[in-house]
Structure formats: C-alpha cells, structure tokens
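Have a look at the structure below before the remarks.
The values are calculated or read from the model by the stated rules, or taken from the named source; none is laboratory data. Keep in mind it's a predicted model, so treat the numbers as computed, not measured. In this analysis, Cβ positions are derived from the backbone assuming ideal geometry, glycine residues included, and neighbour counts consider all displayed protein chains. These accessible areas exclude ligands, DNA and RNA; they are computed on the full protein's heavy atoms, side chains included. Shrake-Rupley method; radii C 1.70, N 1.55, O 1.52, S 1.80 Å.
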Amino acid sequence: PARYFDTKTTEPISFFLSSLEELLSWQPDGNDEFNISAVPLAKRQPPLHSKRPRTLVCHDMRGGYLEDRFIQGSATRNPYVFYHWRYIDIFVYFSHHTVTIPPVYWTNAAHRNGVPVLGTFITEWTDGERLCEAFLAGGEEPYGAVSAQLARIARHYRFDGWLVNLENTLSAAAVGNLPRFLQHLTAQVHSAVPGGLVIWYDSILQSGTLKWQNELNEENRVFFDACDGLFTNYNWKEEHLERTRALAGPRNTDVYVGVDVFARGDVIGGGFDTDKSLRLIRQHGLSAAIFAPGWVYEHLGEENFLQNQNRFWALLAEYLPTHSICTLPLATSFSLGMGTSRFLAGKEEEAGPWYDLSAQEIQPLYPEHKGKLSTSCCLQDAWSGGSSLRVQGTIPAGEERVAIRLFSLQMPAPPKVFLTLLYKLEGSHPNEFTVSLELTTSDSATCHEGSVTSLPEPNGRHHPRFLPAPPPSLAKLLAACDRGSHGWTSRCYELELQGCSLRDLSVLVSRQQPGPQELPFSCLLGEVRV
C-alpha cells in the first residue's frame, strides 16, 4: 500500500494522516511495523519534569517527510542531521498534515539520547474550521474518539505525545468543548505513554477567535490549564515575558516561549542572534521553544552545514541546561547517522553517501572555547559508522594538559569501572602529546579511589589505570584493548572507586615533554565505552 511503501522504490516509509476520517479509521496494520520505534526513551538526570527551564525544538523543514521518511536509510548526499541532543529536552516533528506522526528515524535517535518526541495535530484555514466543527461542536463522544485515537497512535508507534496546533476560528460550541478535549487528550496520553506530553500552541482565544497572543494571558489560560504546556507565538517583547511569568505562577517552566530562527515578523533575535531571545526568556525563568533551527541548513546551504550547526548551537549553549547520562554501560562511536562512507574497525567498507538517523549513536557534549578548544564531526575517517569526533585545541604555555568534557554523568559509581578508548592522533605535532580518559566524581568526603586507606582525590579528578591486557574473565567484554588498526590506537583502563558519584567523562590531552610554549593538538575519537 502506498501509505506504507514508496511507490518508486517499494521501500518502507514514514507517513502522516490527512483528514479526520483517516484519523478515526486508523488502526494498527501489519504493514506499518517498520514505523514503530525500536529504541526506548533513555533515562536522564535531572528528569524532564524537574522544575528547571526546558528547551523544546520544533523541526519544520520544507513540509516534512523528506529523505527522513525512508525508514531503512537512503543514499542522500549532505542531509540535515541534528545531534545536539544533550542541550534540548523535547523534540517536536512539525508538518502541515493534519496528523503528523514523527518519522521513526527521529524517534529512535532522540530516544537513544534521552529526548522525548512529539507529533503534531494541526488544523488550518476553512478546512480546519470544518474539521474542528465536526469533532468539537458535538458532545463528548466525537472529541473523545479523536483524543483516544491520538493516544493510541502515540502508544503504537512509541513516541511521546502531541503538539496541538489549531489555527482557525472556532464556533462557540466548538471552543466550549476545547478545554475538555485537551484535558481528555492529556489524560489519555499520560495513561498510554509513560512520561507522555500534550502541549498547546498559542493561537485561539477562549472566545474562539484566532488571534496569537505571544504570551500566556487570561484569554488563553484556560487551554494552558487543561494540558502540560503552552508554546507561545514568536512576536513577543519583554513585557509579554513579565506578564507570562506572573500569571504562570509555579508552572513557569511549562510555558515554552516561541523563538523563530528565521526571524519572521517583529522578533528579538533569530539566526545567529537567537541567543538574544534566549537570554531574555531565561532571565524570566521560562522554557523556550526553538522553531525551525534547520535555518542553518535551509538558509545557509548544505556546503558548510556541520560547521554552521556547531556555531549556531555553541552560541546558545550558555542558555541551554544540559542533561546527564545516568545509566551504564555507555558506548558510542559518535556516528551522526550519515556519512560519505561507511567504516568498520577503522577501515572504509563502502564509499558513497548514506543517511540513516536510526544508526546515529549516543551524542556527546560539543564544547567550544573560542580559539582554545573545539569538538566537531569528522566524516573523512571513522572507527565505526560514518563519522568520528575531532577534538582540536591548544595546551596553553606552562600547562601540562587540557581536559575536554565529553559526557556529563549523574549516577553512583560502581566499585570498579572499565573504560576503553579508540583514538587517532592528527596534526603537525602528533608525537608531542598523548590522549587518555579522565573521570570526575562529585566532590564528597566519602569518595575514595582504590582502597579506603588511600587519600581522597582533592578535586575529584581520577585518571584510570592503564590496562595493557584485560583480565581473562573480561576478555570478551574488553575486546577493544588491543584491536587498534588502520592507524587507530586502542586503550583500556580500570578505576576502583568507593562511595563516589560519577560526574563527568572527559578526554585528557597531555604533553609528552614539559615545554614553555603553547602546543596545538588534534585527534580523532573513534569509540568510547564505560
């Protein structure tokens, strides 16, 4: 059937529903099993519902369902990818189809990195008025059927809820039932999907008029009160934020202030000035909804996309609270789920472009310190998948080493931690520096390395002991200890800890010899396991 398979290639594809009839007649079908997410939502710290301001990303690109609809991947050259998952809390897939079911690609990649994914339920124009009239103007039965179907769809495809975006005028009868519909949908989603969410877009007033408010106020509060959050329109000024904060009360982090990266209309800042908008939003303790960050790809072009993507998110990083990994084992080859070749064990297996976000691995933090340090994706060489992580920077004069944070962790340390690292030295001074791993623990008087008699590490920084060969009982688990090849070096480490909490995993770049001048370095990280 054409809904589930591409008519040209017969490959399985992700799909949407275009009408109320299609929504109400939807039921699970053997043909759509390709569309069910295979990756459960990874645990994170702090949990999503903690009271700190959140960051929502709303992905709206050229109508949606582009190359990302091919569930088993495609040979796309220079595709759009997203990989700054540690910096965001919620991902919304947006299109103008009535029921936008997120392509399973995106759900798999987001879940692997601890980020929930919402679909979009949208109505617009006169067709939208008719559709809303049909399910909202009657009694509880029709709107109850719609909310039950939306919750069933989220549960079946294993994504995490809905953005509800009704952008048309409503009759008095329809708007009268709208809060009840939102309450019903929210309750249904919460019971169908653990941690599920329903977020309302700021468009309709309680009178039924279509009029964007750019804030939470008495005209739209009834809808905010009926669901998990409000996504405001984009044309706000600081006074809107002040009024919103006052009215939201303890639910301030459930208001997601809209920021259009394309900067359409009268906005504070978009593009590479998006940080101006975020600074104000955070000053008022509110959450942010970043709309269409694909601007870096659509507006600036595909050529330098990865550099532009890193620049865009680095500018925002100070306003984006990151979330931490809280379970072990942790293993990643840093692959973006795309590439110009496919690599296996450091060797190019197959040349040619590919794109498959389901194959994206756990993504690290991407720290940037102007001129001193940067992390970026390298497509030209990898240990496994399509890319490795390039770490570049300078060891300052008089200093012996620099640490580059890869992952923020938040969990009790097991008594013994094993680590493996695969790396390749680059640059004009490869013999002048060495690469290793560093684990930091939350500073605590109870934390000891090794036996209890050893002294606590004063700054909580631990340098795991190099293991030339794994203990025989762990040979299979630590097969990476001696499997470097094709220019890649492989290292294994162990660390014994007592009474500690893990905080950061960093890569440590050290000088071979002490020296008075600064030392530039560059290396590729091919795989890290903890």
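The table for this structure:
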read-out	value
Helix 125-136 vs. the chain, principal-axis angle (Cα, 0 to 90°, nearest 10)	80 degrees
Proportion of all alpha-carbon pairs of region 52-142 beyond 21 Å (%)	44 percent
Sequence ranges 33-45, 146-158, ranked by mean other-Cβ count within 10 angstrom, highest first	146-158, 33-45
Normalised contact order of region 331-529, rounded percent, pairs of Cα under 8 Å and 6 or more residues apart	32 percent
The chain, dipole about Cα centre (Lys/Arg Cβ +1, Asp/Glu Cβ -1), debye to the nearest 20	1280 debye
For region 331-529: lysine pairs under 22 Å (alpha-carbon distance), excluding those fewer than 8 apart on one chain	4
Charge dipole (the chain, unit charges on Cβ, about Cα centre) - positive-most of Tyr256, Ile13, Cys481	Cys481
Furthest towards positive pole of dipole, Ala154, Ala382, Thr123, structure part the chain, Cβ charges	Ala382
Between 0 and 90°, nearest 10: helix 274-283 axis offset from the chain longest Cα axis	80 degrees
Magnitude of the charge dipole, region 244-379, Cβ model with Lys/Arg +1 and Asp/Glu -1, debye to 20	620 debye
In Å, descending, principal axis extents of the Cα set of region 49-98	41, 27, 17
For semi-axes √(5λ) of the Cα gyration tensor in Å, calculated from these coordinates, the label among (i) 47, 30, 22; (ii) 44, 26, 22; (iii) 65, 28, 19	(ii)
Charge dipole of the chain about the Cα centre (unit charges at C-beta), most positive-ward option of His462, Pro520, Gln206	His462
For the chain, cysteines whose Cβ has no other cysteine Cβ within reach (under 4.7 Å)	Cys58, Cys132, Cys227, Cys326, Cys377, Cys378, Cys523
Nearest-ten-degree value, helix 140-157 long axis tilted from longest Cα axis of the chain	20 degrees
Protection proxy ranking of 83-89, 323-329 - average other beta-carbon atoms within 10 Å, highest first	83-89, 323-329
Portion, in percent, of the accessible area of the chain that falls on carbon or sulfur, probe 1.4 Å	51 percent
Given charges at beta-carbon only (K, R positive; D, E negative), |dipole| of region 331-529 in Debye	120 debye
Solvent-accessible heavy-atom area per residue, rounded to whole Å², over region 196-338 at 1.4 Å	35 Å²
Long-range HN-HN contacts of Leu437 with modeled amide H, under 5 Å	Leu508
Mean Cβ neighbour count within 10 Å, used as a protection proxy, ranking 267-275, 303-311 highest first	267-275, 303-311
